[in-house]
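Everything on this sheet refers to the single structure shown next.
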Amino acid sequence: MNARVEIGCGLIPAARGQGYAGEALFALMAVAGEHHIAGFRADTTHANIASQCTIAHAGFEQVASDDELLHYEWYERMPFRSPVSGRMTGRLSAKSRCP
């Protein structure tokens, strides 16, 4: 199977910056890999630096942009392995600009 899925998430302001989106993304990718999902798509607005960092940290590559959105894709290049702890390492925020 060579399936792809599009992912998206939204968090209430009080939950932002806690690593929840990254944890959910890594878990989703791990489960999807077990079901032979070969690729993912995701979009963010230009201003959403935190989401851009989370997506980049997961290995997505920006493939296009338009006036409204940045478009990202991830295709299976190697088996996906989540971090050993099962949690995203480090904190990503708009201030970090994806170090």
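Here, each number is a calculation from the coordinates, and none is a lab measurement. Just so it is clear, the structure is predicted and the values come from calculations on it, not from any experiment. So basically every Cβ, Gly included, is an ideal-geometry build from the backbone, and we count neighbours across all protein chains shown.
Points to keep in mind about this one:
- Taking Lys and Arg as +1 and Asp and Glu as -1, the other residues whose beta-carbon sits under 9 Å from that of Tyr72 total -2.
- Report note on the peptides 20-32, 48-60, 64-76: ranked by the mean count of other C-beta atoms within 10 Å, highest first, their order is 48-60, 20-32, 64-76.
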